[in-house]
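Take a look at the structure set out below.
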Amino acid sequence: MTHLRLQRTRARDAIWLIEGGATLYDGREGLPMHDATQRWLNEQRQVVVDVDRLVALYDGLDDAR
């Protein structure tokens, strides 16, 4: 669970950076080719949703004991 929570924290940090104006680019040999900011933002938001769901399942198992 620690790994999942750390992953969620990293994703939230990336979301915060992007929403604050950071941009990310796919590149080749050091040259930016495509703006990947929106794709990265969507992926990080999905990580948060998935980890929240998994943590809820895990907490539900603990409550059932």
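Where a number appears in this text, it was derived from the coordinates with a stated rule and is not lab data. Since the structure is predicted, the reported quantities are computational estimates derived from the model, not experimental observations. Using ideal geometry, Cβ is built from the backbone for each residue, glycine included, and neighbour counts are taken over all protein chains shown.
Here are some notes:
- Net dipole in debye of the chain [+1 Lys, Arg Cβ; -1 Asp, Glu Cβ; about Cα centre; nearest 20]: 80
- Per the Debye formula on identical point scatterers at the alpha carbon atoms of the chain, with no solvent, log10 I(q)/I(0) at q = 0.17 Å⁻¹ is -0.67.
- DSSP-assigned coil residues among GluC sites (Glu not before Pro) in the chain, each with at most 16 further Cβ atoms within 10 Å: E29
- Euclidean distance between Cα centres, region 41-65 to region 1-21, Å: 14
- Spin-label zone in region 1-31 - amide nitrogen under 17 Å from a point set 7 Å from the Cα of D62 along the C-beta vector: 1-9
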